[in-house]
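What follows is one structure encoded as structure tokens, with my remarks underneath.
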Amino acid sequence: MVTEHTVKSFEQELQRLSNQIAQMGGVVEAQVEAAVQAVGRRDVEGATKVMQGDARLDEFERQIEHDAIRMLALRAPVGVDLREVLVALKISADLERTGDYAANIAKRSIALAQLPVMRPAAAIPRMGRLVQEMLKEVLDAYIDRDVEKAIAAWHRDAELDDLYTSLFREVLTYMMEDPRNITPCTHLLFIAKNLERAGDHATNIAENIHYLVKGQPLNAERPKGDRSSFTVLDSDVVVGSPEQR
Amino acid sequence: MDTTTLTKNTEAVSTQPVKVSARDVKVFYGAKRALHGVNVDVYKNEVLALIGPSGCGKSTFLRTLNRMNDTIDICRVEGKILLDGQDIYDPKLDVVQLRARVGMVFQKPNPFPKSIYDNIIYGPKLHGLATRKDEFDEIVERSLKRAGLWNEVKDRLQEPGTGLSGGQQQRLCIARAVAVSPEVILMDEPCSALDPIATAHIEELIDELRESFTIAIVTHNMQQAARVSQRTAFFHLGDLVEVGNTEEIFTNPRDERTQGYITGRYG
């Protein structure tokens, strides 16, 4: 029985809002992919493009915010329509922030390209792939209004956190080994942190999809695998290269 | 009849006692059934909004609560409506007395063609609530104050009620309804003939009146239902589809028909 709105222009506005999110999501996916590639390939030109591309995402967010506020003011949406508008606002903010992380990764890749190659850098493409997959899954889930798919993506964040935690430890040992490693390792650490945060925003999006479809917040505790905040490395333990341990 | 069976989404209950209880209420106009067995409780000191498309039975239901349907010959009511546990369709019950306990405010302000003062004391006089002039004076002042009209009319109480503005007339009708100290006030689209400012006055008034009375209001304006009520009941084609906390009805209704109606997808 829930079909289209009697007022067709309202239906069109809601559809446009949803399309904008999907489009913005596509751009964010591409930005993350290109940024991670720029790290792996030491591609300064590609990185520069990513940094320039961020402005487009800011514009997307402004437009979505404008349209959402307009609909709140003029349509006074309720029920699922209210949730559509609120969730669009929140998802666009998550996407915009994810875009910022991509831009920051690109920026750091330029610095990294001028420094010696660090072994832990090999973990970055893996983390990058996982983030891209999570993003793709939550965006598909948004388009299909598919809660199951959103929750599946939400669970994958634990995997990302594990990757981050192990990279964190590895990078620390490299820094302790040789102070000359500190600069590239710090950049790597921030890049990894950016990816880890991007994963958190993907889980936010998944939670918002749950609210959008079910009308209830996702009441489960999010799996938190990022234990890097608790990591203390004893210098006696990490003396020597990681391979010797 | 199982009196514990309520329509779904009624677990969102008030901590207040039940004031009015409808159990399997069916209403017929001749052979046509207008209500198909409504179960709902109205809690003391709450505002219950009744919403739904035209012809859904919400006004019919409201009118069963003080037996206004008795005045329609072909109308027949089945089921039970309990006011403080007492069946209001009990043949031994005095209907005039019932309507003093359950007052009503209508869509169009309908002051009597009398003075403001006489409009207010009409009910109290009929029910013998006062005899002396000072008692009536007090009722008039108290009722008009409760309806938020006293300051606007205190110097012209002898002027005709029909000379007031639409919004003032409606507040006069509310003052007239509260003058007999009812327990329940029924409102049938009380703001549909009023401008937004007069509407805001009535809505503010409803919120204040809730402290002393139990209120059921029929409205076509869903934003009004959202603003004034604690619980909302959605009627559709003679069924009570869903009743629940207003907040929940307007953010996450359970029934697709409710969703369709409140979001404007009603076909």
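We did not get these values from a lab; they are worked out from the coordinates using the rules stated. For clarity, every value in this text was computed on a predicted model and none was experimentally measured. All Cβ positions, glycine included, derive from the backbone under ideal geometry; neighbour counts span all protein chains shown.
Amide H to amide H, with H built 1.01 Å from N, B:Lys26 comes under 5 Å of B:Gly37, B:Val38, B:Glu78, B:Gly79, counting only residues 5 or more places away or on other chains.
Taking K and R as +1 and D and E as -1, what net charge do the other residues with C-beta under 13 Å from the C-beta of B:Pro91 add up to? Can you show the working numbers first?
Details: positive: B:Arg67, B:Lys92; negative: B:Asp70, B:Asp87, B:Asp90, B:Asp94.
My count for the surroundings of B:Pro91 gives -2.
Each principal axis of the Cα cloud of the protein assembly as shown was taken in turn, and the coordinate range along them, longest first, works out to 103, 53, 48 Å.
Available extension along the chain between B:Lys154 and B:Tyr122 is 9.8 nm, counting 0.36 nm per residue and deducting the alpha carbon span. Here the Karplus curve 6.51 cos²θ - 1.76 cosθ + 1.60, taken at θ = phi - 60°, turns the phi angles of the range B:50-63 into couplings of 10, 10, x, x, 3, x, 7, x, 5, 5, 4, 5, 4, 6 Hz, with x standing for Gly and Pro. For the range A:8-244, the relative contact order is 25 percent, taking Cα pairs closer than 8 Å that sit 6 or more residues apart in sequence and dividing their mean separation by the residue count.
Here the calculated FRET efficiency for B:Lys133 and B:Thr15, from their Cβ-Cβ distance with R0 = 45 Å, stands at 0.60, rounded to the nearest 0.05. For the residues A:Met134, A:Met176, A:Met51, a GNM of chain A with alpha-carbon springs under 10 Å puts the largest fluctuation on A:Met176. Here B:Met222, B:Met187 are placed in order of increasing Cβ neighbour count within 10 Å, fewest first, which gives B:Met222, B:Met187. With a simple spin-label model that places each label point 7 Å from the Cα along the Cα-to-Cβ direction, the separation between A:Arg126 and B:Ser165 comes to 7.4 nm.
Sites listed here are trypsin sites (Lys or Arg not before Pro) in the range B:35-131 whose DSSP assignment is loop and whose Cβ has at most 13 other Cβ atoms within 10 Å: B:Lys92. Counts of other chain beta carbons within 10 angstrom of each beta carbon in peptide B:254-265 average 6.
Give the average, rounded to an integer, of partner chain Cβ atoms located within 10 angstrom of each Cβ in A:88-94. Don't skip to the end; give the middle numbers.
Working: counts 0, 0, 0, 0, 0, 0, 0.
Mean inter-chain Cβ contacts per residue within 10 Å come to 0.
Report the rotationally averaged projected area of chain B based on its alpha-carbon convex hull, in square nanometres. Mean shadow area of the hull around the Cα atoms is 14.6 nm². Each residue, A:Gln15 and A:His66, gets one label point 7 Å from its Cα in the Cβ direction; the gap between the two is 2.2 nm. In this structure, the amide hydrogen of B:Thr214, modeled 1.01 Å from its nitrogen in the peptide plane, lies closer than 5 angstrom to those of B:Asn45, B:Val184, B:Ile185, counting only residues at least 5 positions away or on a different chain. Here's the picture: a label point sits 7 Å out from the Cα of B:Ser54 along the beta-carbon direction, and within the range B:175-198 the residues with their amide nitrogen under 19 Å of it are B:188-194. Loop-located trypsin sites (Lys or Arg not before Pro) in the range A:63-163 (DSSP state other than H, G, I, E, B) with a sparse environment of at most 16 neighbouring Cβ atoms within 10 Å: A:Arg145.
Determine, for B:Phe61, A:Phe230, B:Phe112, the number of other Cβ atoms within 10 Å of each Cβ, and report the residues in order from fewest to most.
Working: B:Phe61 26, A:Phe230 7, B:Phe112 14.
Starting with the residue having the fewest Cβ neighbours, the order is A:Phe230, B:Phe112, B:Phe61.
One decimal place: the segment B:Asn221-B:Asn45 gains 61.2 nm when fully extended, by the rule 0.36 nm per residue minus the C-alpha distance. Of the residues B:Pro91, B:Pro124, B:Pro190, the one that moves most in a GNM of chain B with alpha-carbon contacts below 10 Å is B:Pro91. Ranking A:Leu135, B:Val27, B:Gly128 by Cα position along the charge dipole of the protein assembly as shown, where only Lys, Arg, Asp and Glu carry charges on their C-beta atoms, puts B:Gly128 farthest toward the positive end. Springs between Cα atoms under 10 Å define the GNM used for chain A, and in it the highest mean-square fluctuation of A:Leu218, A:Leu189, A:Leu74 occurs at A:Leu74. At the listed q of 0.08, 0.09, 0.12 Å⁻¹, the Debye profile of the range A:8-244, built from one uniform point per Cα, gives log10 I(q)/I(0) equal to -0.34, -0.42, -0.69.
Give me B:Lys154, B:Lys19 ranked fewest to most by other Cβ atoms within 10 Å of their Cβ, as a rough exposure proxy.
Working: B:Lys154 13, B:Lys19 24.
Placing the least packed residue first, the sequence is B:Lys154, B:Lys19.
Subtracting the Cα-Cα distance of A:Arg41 and A:Leu115 from their residue separation scaled by 0.36 nm leaves 25.3 nm.
Taking the Cβ of A:Thr48 as the center, what net charge do the other residues with Cβ under 15 Å away carry, scoring Lys and Arg +1 and Asp and Glu -1? Show your work: numbers first, answer last.
Numbers: positive: A:Arg41, A:Arg42, A:Lys49, A:Arg56, A:Lys107, A:Arg108; negative: A:Asp43, A:Glu45, A:Asp54.
With Lys, Arg at +1 and Asp, Glu at -1, the net is +3.
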